[in-house]
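The values are calculated or read from the model by the stated rules, or taken from the named source; none is laboratory data. Every value quoted in this text rests on a predicted model; they were computed, and no experiment measured them. Ideal geometry is used to build each Cβ from the backbone, glycine not excepted, and the neighbour counts take in all protein chains shown. What goes into the accessible areas is simple: the full protein's heavy atoms, side chains included, and nothing from ligands, DNA or RNA. Shrake-Rupley method; radii C 1.70, N 1.55, O 1.52, S 1.80 Å.
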Amino acid sequence: DRDTSGVLLLAKHLEALRRLTASFRERDMQKTYLALVAGHPFPHAGRMHSHLAKGMVRGGERMVVDAEDGKEAVTDFQVMQERRSDDFDWAMVALNPHSGRTHQLRVQLQGEGHPILGDAKYAGRDDLAVFKAMGGRGLMLHAWRLRFVHPVTGRAMELRSPLPEGWRKILTGAMNGRE
């Protein structure tokens with residue numbers, strides 16, 4: 001998803017690309033995303049199941065929906081932090097997808113009633129408007145950690161990406177000048 005910040009894995013040669021692609025396809029990669037979501041998910045940890053299908057169109061854009069005829073999508077989640085304020089309640093959630101469906105995390109969280117902040121495609125207008133009014137910008141979905149076996153050396157690897165500046169402002173309450 002091009003709107004997601006964080007870890008980006010690139011292959012330097014064709015054989016490494018083939019092996020990494022196979023590793024993603026066979027679900028050997030352990031991916032952890034962080035998302036800032038509207039509200040407070042309960043329970044604080046669990047598993048989301050859905051069946052995702054492409055094809056719905058809204059404003060000329062392809063959408064993904066949870067549908068009986070869709071492909072199975074499974075994601076484990078854990079609430080890492082919560083913030084309650086007069087303006088807006090939100091939570092930071094760690095997400096471990098077991099499948100790699102298009103917009104999986106975005107659709108599943110929206111379906112649970114906790115859309116990702118800044119998600120112009122799947123979040124409701126009210127949530128998006130409040131987030132923007134608070135000074136928020138962009139999709140608050142971050143590819144935080146990737147664990148895999150190096151395709152050439154066979155060594156276990158872990159890549160992590162620090163949180164973007166906009167996230168740090170939200171987490172410290174510094175949006176719109178609030179400290």
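Return a whole-number percent for the relative contact order of the chain, with Cα pairs under 8 Å and 6 or more residues apart as the contact set.
That works out to 27 percent.
Just to check, using Stokes-Einstein with a Kirkwood Rh over alpha carbon pairs, what's the diffusion coefficient of the chain at 37 °C and 0.692 mPa s in µm²/s?
The Stokes-Einstein estimate is 189 µm²/s.
Go through the range 97-108 residue by residue and turn each phi into a ³J(HN,Hα) via Karplus (6.51, -1.76, 1.60, θ = phi - 60°); whole Hz please, and just put x for glycine and proline.
For the range 97-108, the Karplus curve yields x, 9, 10, x, 7, 4, 6, 3, 5, 4, 6, 5 Hz.
In Å², and per residue, what accessible area does the chain have when probed at 1.4 Å with the other protein chains present?
Counting only protein heavy atoms, the per-residue value for the chain is 60 Å².
Estimate the FRET efficiency between residue 74 and residue 102 by the formula 1/(1 + (r/R0)^6), using the beta-carbon distance for r and 22 Å for R0, to the nearest 0.05.
Numbers: r = 15 Å, r/R0 = 0.67.
Here the calculated transfer efficiency is 0.90.
Using a 1.4 Å probe on the protein chains only, how many percent of the accessible area of the range 23-179 belongs to carbon and sulfur?
Reported share for carbon and sulfur atoms: 48 percent.
Identify the residues of the range 86-110 with backbone N under 11 Å of a label point that sits 7 angstrom from the Cα of residue 66 along the Cα-to-Cβ direction, or state none.
Taking a point 7 Å out along Cα→Cβ of residue 66, the residues of the range 86-110 whose backbone N falls under 11 Å are 107-110.
What ³J(HN,Hα) values, in whole Hz, does the Karplus curve 6.51 cos²θ - 1.76 cosθ + 1.60 give for the range 142-150 when θ = phi - 60°, with x put for Gly and Pro?
Ordered by residue, 3J(HN,Hα) equals 10, 6, 7, 9, 9, 10, 6, 9, 4 Hz.
Highest first, please rank the peptides 66-73, 142-149 by the mean number of other Cβ atoms sitting within 10 Å of their residues. The partial results should precede the final answer.
Working: 66-73: 13.4, 142-149: 18.2.
Going by the mean number of other Cβ atoms within 10 Å, highest first, we get 142-149, 66-73.
With θ taken as phi - 60° and the coefficients 6.51, -1.76 and 1.60, list the Karplus ³J(HN,Hα) couplings across the range 12-27 in order, rounded to whole Hz; mark glycine and proline as x.
8, 8, 4, 5, 5, 4, 4, 5, 5, 4, 4, 5, 5, 4, 8, 6
Let a ≥ b ≥ c be the square roots of the eigenvalues of the Cα gyration tensor of the range 104-179; is it rounded (a/c under 1.5), or, if not, prolate (a/b larger than b/c) or oblate?
oblate
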